[in-house]
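Student: Have a look at the structure that comes next, please.
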Amino acid sequence: MELTYYSDYAVRLVNTEQPERGTDNLTSVEVVRDLFGPAQQAARRATDSDVTRLRTVRARLRAVFEAADAGDEVLAVDLLNALMMEFPVSPQISGHERRDDGGTSRSSGAESGGGRPDWHMHIADHAANATAGFTATACMGLAFHLTELGVDRLGICEARPCRNVYLDTSTNRSRRYCSDRCATRANVAAYRARKRLENERAALTGRTADTAQESTPATDR
């Protein structure tokens with residue numbers, strides 16, 4: 001599993017809250033476990049205490065995205081480094097999948113024997129609690145994403161009041177919204193704003209013409 005995959009952990013955690021809407025979905029241990037996705041073994045260690053712990057981490061991760069979105073690369077890196085120092089990881093080489101003769105990776109349980117292990121970097125989970133393990137994983141993934149693709153790939157949705165965070169993986173660094181839904185809503189709002197402005201200008205032009213006609217002397221008509 002590539003380490004950049006883990007960057008989605010950070011996105012999932014930060015987006016459990018929408019500050020401008022005043023909503024917070026991180027309210028139970030079940031939500032915490034869902035954040036781990038397929039990593040069910042790590043999720044089973046989650047307790048009610050992790051709800052409060054992860055809320056604190058969430059605020060700090062959002063600050064990383066906010067700094068990146070504002071163009072302050074140094075601050076974004078400093079904030080992320082502080083988290084990684086507090087929540088270190090234990091990387092290890094894993095080979096739980098095997099490659100066939102053509103180099104294609106396949107599950108090690110699909111066939112016994114044959115092929116060489118598909119060696120890759122993996123984050124070992126030796127954390128004391130679920131929050132520490134989740135945070136270490138999220139931060140390391142985000143760090144790899146940041147260094148491989150650039151700080152400007154960490155974005156905040158422009159479709160207010162959404163403000164969800166996202167990772168821009170587009171080829172031309174053009175992403176501005178967290179989802180197609182927000183992009184559509186923003187485009188519709190922009191279209192309506194343009195039409196409203198056009199109508200206001202048309203009305204103003206019409207009133208100006210009427211005023212000019214009324215002010216023209218009768219002999220000149």
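The values are calculated or read from the model by the stated rules, or taken from the named source; none is laboratory data. It should be emphasised that the depicted structure is a prediction, and the values quoted were computed from it without experimental measurement. Here the Cβ positions follow ideal geometry from the backbone for every residue, glycine too, while neighbour counts run over all protein chains shown. With ligands, DNA and RNA removed, areas are computed over all heavy atoms of the protein, side chains included. Shrake-Rupley method; radii C 1.70, N 1.55, O 1.52, S 1.80 Å.
Student: Just name the residue that is nearest to MET85 (Cα to Cα) out of those in region 154-165 that are touching a residue at least 40 places away in the same chain (Cβ under 8 Å) and either open to solvent by 20 Å² or more (accessible area, probe 1.4 Å) or part of a loop (DSSP other than H, G, I, E, B) (or both).
Tutor: For region 154-165, the residue satisfying everything is ASN164.
Student: Just to be sure before I move on: is VAL74 without any contact (Cβ under 8 Å) to a residue 40 or more places away in the chain, out of contact with any Phe, Trp or Tyr (no Cβ under 9 Å at 6 or more places or on another chain) and not small (Gly, Ala, Ser) in the structure I sent?
Tutor: Yes: the conditions hold for VAL74.
Student: Take the conditions part of a loop (DSSP other than H, G, I, E, B), open to solvent by 10 Å² or more (accessible area, probe 1.4 Å) and in contact (Cβ under 8 Å) with a residue 12 or more places away in the chain and apply them to ARG45. Does it pass? Walk me through it before giving the result.
Tutor: Working: part of a loop (DSSP other than H, G, I, E, B): yes; open to solvent by 10 Å² or more (accessible area, probe 1.4 Å): yes; in contact (Cβ under 8 Å) with a residue 12 or more places away in the chain: yes.
Considered against the rule, which asks whether it is part of a loop (DSSP other than H, G, I, E, B), open to solvent by 10 Å² or more (accessible area, probe 1.4 Å) and in contact (Cβ under 8 Å) with a residue 12 or more places away in the chain, ARG45 comes out as yes.
Student: If you don't mind, another one. Only one of ARG175, ARG185, ARG181 is in contact (Cβ under 8 Å) with a residue 24 or more places away in the chain, within 30 Å of ASP24 (Cα to Cα) and either open to solvent by 50 Å² or more (accessible area, probe 1.4 Å) or more than 23 Å from the chain's Cα centre (by Cα) (or both); which? Give the derivation first.
Tutor: Working: ARG175 fails: in contact (Cβ under 8 Å) with a residue 24 or more places away in the chain; ARG181 fails: in contact (Cβ under 8 Å) with a residue 24 or more places away in the chain.
Among ARG175, ARG185, ARG181, only ARG185 is in contact (Cβ under 8 Å) with a residue 24 or more places away in the chain, within 30 Å of ASP24 (Cα to Cα) and either open to solvent by 50 Å² or more (accessible area, probe 1.4 Å) or more than 23 Å from the chain's Cα centre (by Cα) (or both).
Student: When you look at TYR9, is it among the aromatic types (Phe, Trp, Tyr), exposed (fewer than 15 other Cβ atoms within 10 Å of the Cβ) and touching a residue at least 60 places away in the same chain (Cβ under 8 Å), yes or no? Let's see the steps before the verdict.
Tutor: Numbers: among the aromatic types (Phe, Trp, Tyr): yes; exposed (fewer than 15 other Cβ atoms within 10 Å of the Cβ): no; touching a residue at least 60 places away in the same chain (Cβ under 8 Å): yes.
Judged against the criteria, TYR9 is not a match.
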